[in-house]
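A short reminder: the numbers here are calculations on the coordinates, not readings from a lab. Keep in mind that this is a model prediction, so the values were computed, not measured. Here the Cβ positions follow ideal geometry from the backbone for every residue, glycine too, while neighbour counts run over all protein chains shown.
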Amino acid sequence: GAVVSQHPSWVICKSGTSVKIECRSLDFQATTMFWYRQFPKQSLMLMATSNEGSKATYEQGVEKDKFLINHASLTLSTLTVTSAHPEDSSFYICSASHTGIPNTEAFFGQGTRLTVV
Amino acid sequence: GENVEQHPSTLSVQEGDSAVIKCTYSDSASNYFPWYKQELGKRPQLIIDIRSNVGEKKDQRIAVTLNKTAKHFSLHITETQPEDSAVYFCAASIGGGSYIPTFGRGTSLIVHP
């Protein structure tokens, strides 16, 4: 199956700093990628939909100035957590589906465990 | 928008027993229903999916049924094994230009040896 690579898999940062997480589709193009946040033993909470070449669409309650999303190419989307605080500590995971093949399986990255100290 | 309800939140079975996880959805326009398995600390992975033009699909010990009229779909695992222990998520999505899956809250399946 298709591969989505997410980097880094874990990161520890100091409060107030920014952290960038990358999501790459390795063997297919993805016009749209999705960013999720997952708390322990909970479901995947959609944060935003990343659109190649245009602005991301954020879900209600998600601060777009805090969670910056850039989708500069058909294979790369980045999520930057700006001025991180301990409450931003979580598991962040991205997913992508094949461009041009609507309504198909979503492939997930391996996730990023963010710890803000 | 779409709303997906998933039950139960936790399911504990003995090895060899069957396990059933149920989901309901709200938008009748949804036409793609995947199921994902997520092991601890790992990414969700697709285990089976079904489309609205099919009522049932089976893959070895795993089967999914869909009732479009009632707007619910279920995952059935037979002859459960300890390695089936994981969190299972159902999802529903609406076809068209912007595919956005809505996930259920997840079911933690524990298979006791």
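On a 26 Å Cα-Cα criterion, which of the cross-link pairs A:64/B:71; A:41/B:22; B:42/B:68; A:20/B:22; A:55/B:71 come out too long? All intermediate terms of the calculation are to be shown ahead of the outcome.
Numbers: A:64/B:71 34 Å; A:41/B:22 18 Å; B:42/B:68 32 Å; A:20/B:22 37 Å; A:55/B:71 33 Å.
Too far apart for the 26 Å limit: A:64/B:71; B:42/B:68; A:20/B:22; A:55/B:71.
Around residue B:78, what is the net charge, scoring Lys/Arg as +1 and Asp/Glu as -1 over all other residues with Cβ under 11 Å from its Cβ?
Details: positive: B:58, B:61; negative: B:17, B:79, B:84.
Taking every Cβ under 11 Å from that of residue B:78, the sum is -1.
As a test, work out the antiparallel percent of DSSP beta bridges whose residues both lie in the protein assembly as shown, rounded to the nearest 5.
Numbers: 72 of 81 bridges.
Here the antiparallel bridges make up roughly 90 percent for the protein assembly as shown.
Taking every pair of Cα atoms in the protein assembly as shown, average 1/r, invert it to obtain the Kirkwood radius, and report Rg/Rh to two decimals. If you can, show how the numbers build up before the last one.
Numbers: Rg = 17.7 Å, Rh = 18.2 Å.
My calculation of the ratio gives 0.98.
Please work out whether the range A:6-50 counts as rounded, prolate or oblate from its C-alpha gyration tensor, where a ≥ b ≥ c are the square roots of the eigenvalues and a/c under 1.5 means rounded, while otherwise a/b larger than b/c means prolate and anything else oblate? Show your work: numbers first, answer last.
Values: a/c = 1.99, a/b = 1.32, b/c = 1.50.
Oblate, since a/c reaches 1.5 and b/c is not below a/b.
Once you have a ≥ b ≥ c as the square roots of the Cα gyration tensor eigenvalues for the range B:1-110, tell me rounded if a/c is under 1.5, and otherwise prolate or oblate according to whether a/b is larger than b/c. List each step's numbers first, then the result.
Details: a/c = 1.92, a/b = 1.58, b/c = 1.21.
Judged from the Cα gyration tensor, the range B:1-110 comes out prolate (a/c at least 1.5, a/b above b/c).
For an R0 of 35 angstrom, estimate the FRET efficiency from the Cβ-Cβ distance between residue B:70 and residue A:54 and round to the nearest 0.05.
0.40
Report the Stokes-Einstein translational diffusion coefficient (µm² s⁻¹, integer) for chain A, Rh taken as the Kirkwood radius over Cα pairs, at 25 °C with viscosity 0.890 mPa s. Provide the component values of the computation, followed by the final result.
Working: Rh = 14.1 Å.
Diffusion coefficient, whole number: 174 µm²/s.
Grab the other residues whose beta carbon is less than 11 angstrom from that of residue B:37, score K and R as +1, D and E as -1, and report the net.
Details: positive: B:42, B:43; negative: B:39, B:83, B:84.
So the environment of residue B:37 carries a net charge of -1.
Could you run the Karplus curve 6.51 cos²θ - 1.76 cosθ + 1.60 with θ = phi - 60° over the range A:38-45 and give me ³J(HN,Hα) per residue in whole Hz, x for Gly and Pro?
3J(HN,Hα) across the range A:38-45, in whole Hz: 10, 8, x, 6, 10, 7, 7, 9.
Quick one: Cα centre-to-centre distance for the range A:82-100 and the range B:52-101, in angstrom?
Using only Cα atoms, the two centres lie 25 Å from each other.
Peptide A:108-116: average number of partner chain Cβ atoms within 10 Å per residue?
Details: counts 7, 1, 3, 5, 0, 1, 0, 0, 0.
Mean number of neighbouring Cβ atoms from other chains: 2.
Would you mind ranking A:47, A:33 by Cβ crowding within 10 Å, fewest neighbours first? Write down the numbers at each step before the final one.
Details: A:47 23, A:33 30.
Going from sparsest to densest Cβ surroundings: A:47, A:33.
Under the Kirkwood approximation applied to all pairs of distinct alpha-carbon atoms, what is the hydrodynamic radius of the range B:35-74 in Å? Can you show the working numbers first?
Working: mean 1/r = 0.0890 Å⁻¹.
Final number for the Kirkwood radius of the range B:35-74 is 11.2 Å.
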